[in-house]
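Visitor: Here it is, the structure in full.
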Amino acid sequence: EVLQYIELQTNHRTHAQNLAIGQAIRRILARSFKVPISNETALINGQLPKTLSIKKVTDLADTSIFRGGNIVFLAPDETVHGLRLQFNELGIKNDLFGVREAKGLEFDACALIGFFGFIEECGNSDQWQNLMRWLSSSSSLTKTSSTGEKVSGVMLEDCDYRLSAPNVSDEAMMLYTALTRARNQLYLIEVEVLGKGMKHRGVRLADFAFRRFKDLSLAKSVTFIDEGHVEMTSAQHKARGVLYVTQASNMSRNNEPIASIKERFREAMIKFGADKGNDKDLLDKCKKHLEAITQKHSIMHFAKEKFLVGGSYNLEGRFAQVLEFEQKASKFFSQFLCDSFLAEEVHVVRNLLDEIMDGTLYENHFKEVFINIRTLQQSF
């Protein structure tokens, strides 16, 4: 039991320094929004996260400021599209994810870009500055009213924002999720120029946050980032492609839009291409997996559109549609049944067939198909 407890309380994904800055944000959530806090510890030490302020996004194309082809950028979901366009225009080839896209994924090196700038644009700079001062408070995490303490000469203000600023909780969870994607190197990058028409009120939130992280020994400030190379290696491209395929599979399992799933597969194919990962075998497997998911989606959509009535399947008077459905299913199984890598997709379609045909006039017609499917599956 003791060993099991240690296992549950130990973070094996990252090192102590990355864990510490994530736990600081978690303490903000615990104090102001009563979100439970964990007492995780890390097995190893690593480098302090680094903070970098740049004047504009174009600075990332300057190799005297940024060199790190292996670094994955993470951005608030609301800003990721615009950043992708800028990255493409500047020829920056690093991967870029929104927070929702990156949830559940981990990367060796991550750079969070524009999070505090985004929070400031949302109008919550004052609340965040107060919350980050509270990180220096000696009071318990249950305390939210003023204690009379001063941090850097400023009195701590009440910080129970559950009613007065509930969106701060979403911002903190967004930041926490992003911070915990890094296994090794972690960077926080902020751009000095805010959105169009925006002006800073007093101290820029990013500057304040970076100074607080430094004072709390949670991060150190740098003037450039140099991971030693500009481009990703072939092996890194392949590893990233495999990660994209895994993510696409999870998206399919969660019934996310097929267009989003296809886009993630296309990104994986790029990573396996001749000019990046250069792995034809993985590229072919990726294409086949995409085709299997596309056909599965088509079959499920057809069944729902043609047979689902009032919450149950009804085949009466739909002979032509049943034949078309059989053709779709036969094509699917002939292509993918014997591929163990696609067993989950096959399982989903097989169960759909069972559910639709069981107890109908067509059951005997499909009985031999079911038997052949089960016999073939048992041999793999």
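Visitor: Please work out which one of (1) modelled with pLDDT under 95; (2) under 27 Å from K271 (Cβ atoms); (3) surrounded by 14 or more Cβ atoms within 10 Å (Cβ to Cβ); (4) not hydrophobic (A, V, I, L, M, F, W, C) is the condition T63 fails and give its number.
Guide: T63 satisfies all of (1) modelled with pLDDT under 95; (2) under 27 Å from K271 (Cβ atoms); (3) surrounded by 14 or more Cβ atoms within 10 Å (Cβ to Cβ); (4) not hydrophobic (A, V, I, L, M, F, W, C) except (3).
Visitor: Considering only residues that are open to solvent by 60 Å² or more (accessible area, probe 1.4 Å), in contact (Cβ under 8 Å) with a residue 12 or more places away in the chain and either part of a helix (DSSP H, G or I) or under 16 Å from V346 (Cα atoms) (or both), which ones fall in region 277-320?
Guide: If the condition is that a residue be open to solvent by 60 Å² or more (accessible area, probe 1.4 Å), in contact (Cβ under 8 Å) with a residue 12 or more places away in the chain and either part of a helix (DSSP H, G or I) or under 16 Å from V346 (Cα atoms) (or both), then K285, K287, K288, E291, H297, M300, K306 are the ones that fit.
Each row is one residue, and each column tells you yes or no for (1) small (G, A, S); (2) closer than 30 Å to A239 by Cβ.
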| position | (1), (2) |
| --- | --- |
| G277 | yes, yes |
| T294 | no, yes |
| E316 | no, no |
| L323 | no, no |
| F336 | no, yes |
| G359 | yes, no |
| K367 | no, no |
| T375 | no, no |
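Visitor: Residue check: is T79 among the hydroxyl-bearing types (S, T, Y), under 22 Å from the mean Cα position of the chain (by Cα) and open to solvent by 10 Å² or more (accessible area, probe 1.4 Å)? Full working, then the answer.
Guide: On the way: among the hydroxyl-bearing types (S, T, Y): yes; under 22 Å from the mean Cα position of the chain (by Cα): yes; open to solvent by 10 Å² or more (accessible area, probe 1.4 Å): yes.
Yes.
Yes or no, residue by residue, for (1) open to solvent by 20 Å² or more (accessible area, probe 1.4 Å); (2) without any contact (Cβ under 8 Å) to a residue 40 or more places away in the chain; (3) β-branched (V, I, T):
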residue: N88; (1), (2), (3): yes, yes, no
residue: E106; (1), (2), (3): yes, no, no
residue: L112; (1), (2), (3): no, no, no
residue: G148; (1), (2), (3): yes, yes, no
residue: V151; (1), (2), (3): no, yes, yes
residue: D170; (1), (2), (3): yes, yes, no
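Visitor: Quickly run through region 28-39 and pick out the residues that are touching a residue at least 12 places away in the same chain (Cβ under 8 Å), surrounded by fewer than 18 Cβ atoms within 10 Å (Cβ to Cβ) and either in a loop (DSSP other than H, G, I, E, B) or not small (G, A, S) (or both). Walk me through it before giving the result.
Guide: First, pick out the residues of region 28-39 that are touching a residue at least 12 places away in the same chain (Cβ under 8 Å): 28-35, 37-39.
Of the ones still in play, those that are also surrounded by fewer than 18 Cβ atoms within 10 Å (Cβ to Cβ) are 30, 34-35, 37-39.
Correct list: K34, V35, I37, S38, N39.
The values are calculated or read from the model by the stated rules, or taken from the named source; none is laboratory data. This structure is a prediction, so every number in the text was calculated from the model and none was measured. Backbone-built Cβ (ideal geometry, glycine too); neighbour counts: all protein chains shown. All accessible areas refer to the heavy atoms of the entire protein, side chains included, with ligands and DNA or RNA removed. Shrake-Rupley method; radii C 1.70, N 1.55, O 1.52, S 1.80 Å.
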